[in-house]
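Report on the structure given below.
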Amino acid sequence: MFSNKFVLSQINEDGEFTPLISLDDEAKLNEGEIPKTLPLLALKNTVLFPGVVIPITIGRDKSIKAVKSAYDAHKFLTVHSQKEIKNEDPSLDDLYSIGSIAKIIKMIKMPDGSTTAILQGRAKSDLLNLTQETPFLEGEIEVMSEEAIKDDLEFDATLSSVKDLARKIIELSPQIPSEAVTMLDNMKNQSFLINFIASNLNINVKQKQEILEIPSIIERAKKVLALLDAQLQLLELRTKIESKVRTDIEKQQRDYFLNQQLKTIQEELGQNPQQEQINELAKRAKKKSWPNHAREQFLKELNKVKRINPQVAEYSVTLNYLELLLDLPWNSFTKDNFDLKKVKQVLDKDHHGLDKVKDRIIEHLAVLKLKGDMKAPIICLVGPPGVGKTSLGKSIAKALKRNFIRMSLGGLHDESEIRGHRKTYIGAMPGRIVQSLKKAGSSNPVFILDEIDKIGKDFRGDPSSALLEVLDPEQNGTFYDNYLELEYDLSKVMFIATANSLSTIQPALLDRMEIINLSGYSTEEKIEIANKHLIPFQRKDHGLHSKQVSVSKAVISKVIQDYTRESGVRSLSRQIAGLMRNAAKQIAMDDVKKVTVKKDDLEDILGPTKYSNEKYNNTKLSGVAIGLAWTRVGGDMLYIEASLNKGKGKLTLTGNLGDVMKESATTALSYIKANAEDIGIETTKFSEYDVHIHVPEGAIPKDGPSAGITMLSALSSAYLGKPVKPYLAMTGEITLRGQVLPVGGIKEKILAAKRSGIKEIILCAENEKHVKQIPQEYLTNLTFIYVDQMKDVLKNALS
């Protein structure tokens, strides 16, 4: 491939020529007299630079005749590149005007009949005109002399950089022989060095032609340097990618080789971890008590895993699936505690009140005890926060001696969380129902579905629809999990759902559950809960003993009234924790043996009082009435204010009211106008005064019909100029016919009224039955006025 005469350079990508250099002739590039008219050779795929030797395979007739004519005469011809490669018969306009004068060093007849001419560039030429086009191209040229190279520091630095980059490219290019570096070092002619490198650059014809046409050698060197830098970056990136790919392949081959060696060694030693693992699974399966369909599925997958290569990803997926089948408690059940009296004692000890729930659990156990087998009930506990819905589930599990599992559904959006993912997905897992049963270790746990009213819904599915199967006693005996791909019996699981409101629960889901409403606690109940549960818990949680701290009922009562406004006891528990922290600080710092919390100490410990009942005192202002409202966090007080001002009888409503409340206000005003004489209101006031109804706390949306009689009382008070009786609250819906209709949430509203210091409450007569369900000890110091007609409301409300 190499000889003394020529050194092979980089092979061009189109494969039609191989640029060469003649070391012997380097000094003779400008020798000899060049004729003004020379045969012309048109090149398709390359550009000939002065000083560079290249072999050209000649195929076109005109080209062969031009070369032969020049070879027979003076061996000189002018060589110009074509603008378009596909043009087989180029004219003057189809050729670049700047080319090179070449000397034909040798002509070789190839075995296939083609002719190859070895040409050496001598000088740049400018094609002025074509003197003939047949039988071959001949042109009039002008020899372009190379500018003299002066001593220039910038040019020397550029040339040095060009050589350095060229060396790096040669090192990174395996197809270029290493001898090319020596050849570069031996080149003394600077112009020729630039031409040679430009000829060998892996760029297209147009870019090479641009380099050839640059008259200044310094500018030509800069252009070559820029192209070399780009080519070097490309080569470095390609080398990096190839190295990474080679490393990855080598690692895979190495891992495979080592695994095969390890396998061979283990076989020689009589060891096989994979087989031992499979045998262990089979051994566990023989002892497992499970239904036939689960056993058949296990054996099927076990036979499958025996045929799978352990290195394949499917092996670990199948192995995980087999372990799940074995870990699930298919026919494993805990024995229920049928000592009903003891169950009741446990429930009463853990929770104060909540009699409806406790009775329902006792009833279920009684039937189970008599019948021996029964589908578990699906109960939904609905009530305000902090009344003990979730903790009651733990207590039920403890009383029944069942395992306990809690699953929070708040913010759940993905249906797969319930039903699981199919095994075809990467990272597939069973649903949380199946995972929880695996964790419980039995098929009849007490399963709390917490915050079922806060399930989300989006493009990933509707989890509440997936729960329809779970919470339907007729369907959950054959619950299907996508990952498990088997039916699982959930009929023995006691599902207890918790919610703050029923309005956001899907109707079909609501229909499948037994609803038990949990009301808020009265002050008396909270005092009992604090003494029996909260104080002992917080005392223990803060490292205190019963003899070290004492909190009286009177102190707890003041904390409830002045520092909390809630239906449950969460805030009360936090306030008691504050008392315990203060006691712990005194005992730890001051060496006090016992701390007795007094009423006067509360402001120093807990800060200023947060709530006061003084606002419900006799304000002696007309147009103000107090209503009772129900919210998802319990009962609450609702101020309604009405005022008159000069106008034309316009009604204005403010306070972020919903449509139903707005309609109640309109209905109340219409009734007052229709019965103005009976009420004692001058009819001229309706046309002379505008009326404005406002409900404070405007940032909170308000709606519902229960404020009807409160709006009636506020409007009548404003028109008559009489204030509403002090310490009086009311709730009830109104009609245009003057009737008062019953409303819901009575217990929560009454408890809210008592917390706020209200003494009298006006209710619809039909709500009397709801009041009777509340223990009488919680109704002390409260007077109830039951009415059927709106006129009776005004008679009792206005002083």
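Would you mind checking the tilt of helix 746-755 against the longest principal axis of the Cα atoms of the chain, expressed as 0 to 90 degrees and rounded to 10?
Approximately 80 degrees, to the nearest 10.
When we measure straight from the Cα of residue 662, which aspartates and glutamates land under 17 angstrom away, once same-chain ones fewer than 8 places off are left out?
641, 690, 697, 703, 733
Between the stretch 576-590 and the stretch 415-470, how far is it from one alpha carbon centroid to the other, in angstrom?
Taking the Cα centre of the stretch 415-470 as reference, the centre of the stretch 576-590 is 44 Å away.
In the chain, if the dipole is taken from +1 on Lys/Arg beta carbons and -1 on Asp/Glu beta carbons about the Cα centre, which of 199, 252, 672 is farthest to the positive end?
Farthest towards the positive end: 672.
What lysines could a cross-link reach from residue 44, if we take a straight Cα to Cα line under 16 Å and drop same-chain neighbours fewer than 8 places away?
Within the straight-line cut-off, residue 44 pairs with 62, 83, 86, 206, 208.
As a quick test, which of the pairs 599/702; 358/598; 358/747 have an alpha carbon distance above 30 angstrom in this structure?
Checking Cα-Cα distances, 599/702; 358/598 exceed 30 Å.
Please report how many Lys pairs in the stretch 419-540 have alpha carbons closer than 28 angstrom, counting only residues at least 8 apart along the chain or sitting on separate chains.
Value for the stretch 419-540: 14.
Which three semi-axes in whole Å describe the equivalent ellipsoid of the stretch 623-735, each the square root of 5 times a Cα gyration tensor eigenvalue, listed largest first? Don't skip to the answer; put the middle values down first.
Numbers: eigenvalues 107, 42, 31 Å².
The three semi-axes for the stretch 623-735 are 23, 15, 12 Å.
Carbon and sulfur: what percent of the chain's accessible surface (1.4 Å probe)?
50 percent
Place the peptides 712-718, 378-384 in order of packing, highest mean first, counting for every residue the other Cβ atoms within 10 Å and averaging per peptide.
Order by mean packing, descending: 712-718, 378-384.
One-quarter of the Cα convex hull surface for the chain, in nm²?
That works out to 67.1 nm².
If each DSSP helix of 4+ residues adds -39,500 (n - 2.57) and the sum is divided by the residues in the chain, what number results at 222 nm, nearest 500 deg cm²/dmol?
Rounded to the nearest 500, the figure is -13000 deg cm²/dmol.
Using only Cα atoms, tell me the angle between helix 217-268 and the longest principal axis of the chain; keep it within 0 to 90° and round to the nearest 10.
60 degrees
When the dipole is taken about the Cα centre of the stretch 503-627, and only Lys, Arg (+1) and Asp, Glu (-1) are charged at their Cβ, what size is it in debye, to the nearest 20?
Once rounded to the nearest 20, the dipole reads 260 debye.
Measuring from centroid to centroid over Cα atoms, what is the spacing of the stretch 383-401 and the stretch 772-796 in Å?
33 Å
Quick one: 3J(HN,Hα) in Hz for the stretch 280-292, Karplus 6.51/-1.76/1.60 with θ = phi - 60°, rounded, Gly and Pro as x.
5, 5, 5, 5, 5, 5, 5, 8, 6, 9, 8, x, 4
Cross-link partners among aspartates and glutamates for residue 106, C-alpha distance below 15 Å, same-chain residues fewer than 8 apart left out?
Within the straight-line cut-off, residue 106 pairs with 25, 72.
Where both partners of a DSSP beta bridge lie in the chain, what percent of those bridges are antiparallel, to the nearest 5? Walk me through the intermediate numbers first.
Values: 57 of 97 bridges.
Looking only at bridges with both residues in the chain, the antiparallel portion is about 60 percent.
Taking R0 as 60 Å, what FRET efficiency do you get between residue 550 and residue 274 from their Cβ-Cβ distance, rounded to the nearest 0.05? Each step should come with its number before you reach the end.
Working: r = 66 Å, r/R0 = 1.11.
Using R0 = 60 Å, I get an efficiency of 0.35.
Determine the alpha carbon to alpha carbon distance for each of 759/791; 341/369; 558/769; 398/547 and list only those over 25 Å.
558/769; 398/547
Might you tell me the accessible area per residue for the chain, computed with a 1.4 Å probe and given in Å²?
I get 50 Å² per residue for this part.
So for each of 752-758, 647-653 I average, over its residues, the number of other beta carbons within 10 Å; can you give me the resulting order with the highest mean first?
Answer by packing, highest mean first, reads 752-758, 647-653.
Report, in cubic angstrom per residue, the convex hull volume of the C-alpha atoms of the stretch 677-799. Walk me through the numbers before you get to the answer.
Working: hull volume 14.4 nm³, N = 123.
Cα convex hull per residue, to the nearest whole number: 117 Å³.
The values are calculated or read from the model by the stated rules, or taken from the named source; none is laboratory data. Computed from a predicted structure; not experimentally measured. Note that we place each Cβ from the backbone using ideal geometry, even for glycine, and neighbour counts take in every protein chain shown. SASA here: full protein model, heavy atoms, side chains in, ligands and nucleic acids out. Shrake-Rupley method; radii C 1.70, N 1.55, O 1.52, S 1.80 Å.
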